[in-house]
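Take a look at the structure set out below.
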Amino acid sequence: MNVLRGVASVACLVVVLGGEVRAADTPKPKDGPLGMKFVAMPKGTTYLGWNGTKGSAKKTEITEDFETAITTVTQGQWTELMVRNPSWFSRDGGGKDKVKGIKDEELKQFPVENVSWDDCQEFIKKLNELEKGKGYVYRLPTEQEWEYACRGGATTEEECSYLFYFEKPTNDLSSTQANFNGNYPFGKGEKGPYLERITKVGSYPPNKLGLYDMHGNVWQWTSTAEGVSVRVLRGSCWSLSGGYCQAANRHGFTPSYRDGPLGFRLARVPSVPVGK
């Protein structure tokens, strides 16, 4: 993998509900197409890039209100729109033996993966055609938007000075909190399970906004480009150690690159600017 370490500067690049654990005070999500749900994210000032090093967090303006999906796009949502399932961990994928004991209905709730940035754009194009006239435009989040959402919409330096975000932020991570290689926890986190595969979205505790899998499970493409040939990913994946799951950690690949750990989460904005 091409690791883009840390966000030195954003300007230079940077209760149980439906069987899922949710924080009691999370905002009520809004319905979207294909069974998706979205949470509103207001524009404003935040501090991004904190990686445990003094001075790493940079004051950043989120210039547009947007909404972010509470989960990554699932295999069921992808196939409903695109028909063919490209996922490595699917019935016909290279990792099919790892999911042979998973029921079909549950497997539909696994994240779609093995998708390139270009593949995501095709999905988004079809989704926008399907939803034309219904009030929203769908897109990938920028990496700044993604990290802002990951940190639970935090707006102060203190709130943004943690590495991982669940109902409460923390600097420790165990694989009982997120899907990564549990043999390599982070900080004071204890060793935990290593599934050796992805798992159903929403299987782990969300952050305070009700967003799931912001750490681990699959890397998530963003719209942000570094140079002309790299698109930035966030969130880390099932196969790496806990340290890679930090909110500020970044990877990047060319837009055409596909791999088993690569998925995506949608953002959306009103199709007509507010007030128009």
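Quick notes
- Among the conditions (1) surrounded by fewer than 23 Cβ atoms within 10 Å (Cβ to Cβ); (2) among the basic types (Lys, Arg); (3) closer than 19 Å to residue 50 by Cβ, residue 234 misses just one, which is (1).
- Residue ID - farthest from residue 139 (Cα to Cα), chosen from residues in segment 231-276 that are among the basic types (Lys, Arg) and not in a loop (DSSP other than H, G, I, E, B): 250
- Residue in segment 170-201 that is surrounded by the fewest Cβ atoms within 10 Å (Cβ to Cβ), counting only those that are in contact with a helix residue (DSSP H, G or I) (Cβ under 9 Å, 6 or more places away or on another chain) and among the acidic types (Asp, Glu): 196
- The residue of segment 97-110 that is farthest from the chain's Cα centre (by Cα), among those that are part of a helix (DSSP H, G or I) and exposed (fewer than 15 other Cβ atoms within 10 Å of the Cβ), is 97.
- Being in a loop (DSSP other than H, G, I, E, B) and buried (at least 21 other Cβ atoms within 10 Å of the Cβ) is a description that applies to residue 204.
- All of 55, 94 fail the test of being modelled with pLDDT of 95 or more, more than 18 Å from the chain's Cα centre (by Cα), in a loop (DSSP other than H, G, I, E, B) and surrounded by fewer than 19 Cβ atoms within 10 Å (Cβ to Cβ), apart from 94.
- Residue 127 meets the conditions (1) of a type in the set (A, V, I, L, M, F, W, C); (2) out of contact with any strand residue (DSSP E or B) (no Cβ under 9 Å at 6 or more places or on another chain); (3) over 21 Å from residue 212 (Cα atoms) in every case but one. The failed one is (2).
- Selected residue [modelled with pLDDT of 95 or more and out of contact with any Gly (no Cβ under 8 Å at 6 or more places or on another chain)] from 185, 193, 205: 205
- Some residue of segment 184-199 being of a type in the set (Gly, Ala, Ser), assigned to a loop (DSSP other than H, G, I, E, B), in contact with a Leu (Cβ under 7 Å, 6 or more places away or on another chain) and under 19 Å from residue 44 (Cα atoms): no
- Considering (1) touching a Ser or Thr at 6+ places or on another chain (Cβ under 9 Å); (2) at pLDDT 95 or above, the lone condition that residue 81 does not fulfil carries the number (1).
- One residue from 167, 113, 147, 158 being at pLDDT 95 or above, surrounded by 23 or more Cβ atoms within 10 Å (Cβ to Cβ) and either of a type in the set (Phe, Trp, Tyr) or part of a loop (DSSP other than H, G, I, E, B) (or both): 113
The values are calculated or read from the model by the stated rules, or taken from the named source; none is laboratory data. As the structure is a computational prediction, the values presented were derived from the model and not from experiment. Note: ideal-geometry Cβ built from the backbone for every residue, glycine included; neighbour counts use all protein chains shown.
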